[in-house]
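Before any comments, here is the structure.
The values are calculated or read from the model by the stated rules, or taken from the named source; none is laboratory data. Everything numeric in this text was worked out from a predicted model, so none of it was measured. Glycine also receives a Cβ, built like all others from the backbone with ideal geometry; neighbour counts cover every protein chain displayed. These accessible areas exclude ligands, DNA and RNA; they are computed on the full protein's heavy atoms, side chains included. Shrake-Rupley method; radii C 1.70, N 1.55, O 1.52, S 1.80 Å.
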Amino acid sequence: FFNTVVYFRGVNVSDPDIQAQMFKYVDELADLPAVSNPPENFWLRDFADYVNSNTTVAGLSFEDQLDEFLETKEGKQYKPHISRDENGGVKASRTFVLFDQVSLIDVKPQLEAMEGQLAVTNAQPLNAGHDEGPFFTFGLLYPTWELFMVILGAILSNLVLGLVCV
């Protein structure tokens, strides 16, 4: 099993359109063959459920609703995963997606998982035109997977250059 972290940063999370894109990004990652289930704990999903089921917060601002949610039993678990600014807005947040269909022995599924998440990340409209977009993922095995992605080409080019030089 391989846990990957899904990050959101530098976006106005109080905007329903941004929230919809966050949901879509997580859903698309969860639809990858390397993933068998959506994340168990996604703060935005649980926050939306809280707001929709709790009429006492209906008239409050997003920031106040989030304050109320983060004080609930379910919401407290998300405090370490949400970075907020001085006005209570969300600067950055994260959730986790379990890549549980990736073999740690066979390199091919690892490369497919890496390529799949890269394709999903690069396809996000908010990431268009950015070297470091607001939606991205990271995992401890990513550097190894990136090595696997480039090593064959590097070996072949070095072999050809070595032969040409000799």
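Numbers below:
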item: Subset tally (residues that are under 19 Å from residue 20 (Cβ atoms) and outside any helix (DSSP H, G or I)) for segment 63-92; result: 4
item: Filtered residues of segment 2-37 (kept if in a loop (DSSP other than H, G, I, E, B), on the phi < 0 side of the Ramachandran plot and either surrounded by fewer than 16 Cβ atoms within 10 Å (Cβ to Cβ) or among the β-branched types (Val, Ile, Thr) (or both)); result: 11, 12, 13, 14, 15, 31, 33, 35, 36, 37
item: Lone unmet requirement of (1) loosely packed, with under 12 Cβ neighbours inside 10 Å; (2) modelled with pLDDT of 95 or more; (3) of a type in the set (Asp, Glu) for residue 40; result: (2)
item: Selection from segment 43-57 of residues that are over 30 Å from residue 109 (Cβ atoms) and open to solvent by less than 70 Å² (accessible area, probe 1.4 Å); result: 46, 47, 48, 50, 51, 54, 57
item: Answer from 147, 152, 159, 60 - the residue that is at pLDDT 85 or above, at negative phi and part of a helix (DSSP H, G or I); result: 159
item: Residue among 129, 116, 88 that is touching a helix residue (DSSP H, G or I) at 6+ places or on another chain (Cβ under 9 Å) and at positive phi; result: 88
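Rundown of residues vs (1) closer than 20 Å to residue 33 by Cβ; (2) within 21 Å of the chain's Cα centre (by Cα); (3) surrounded by fewer than 12 Cβ atoms within 10 Å (Cβ to Cβ), yes/no style:
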residue	(1), (2), (3)
68	no, no, no
85	no, yes, yes
97	yes, yes, no
102	yes, yes, no
105	yes, no, yes
110	yes, yes, no
130	no, yes, no
139	yes, yes, no
153	no, no, yes
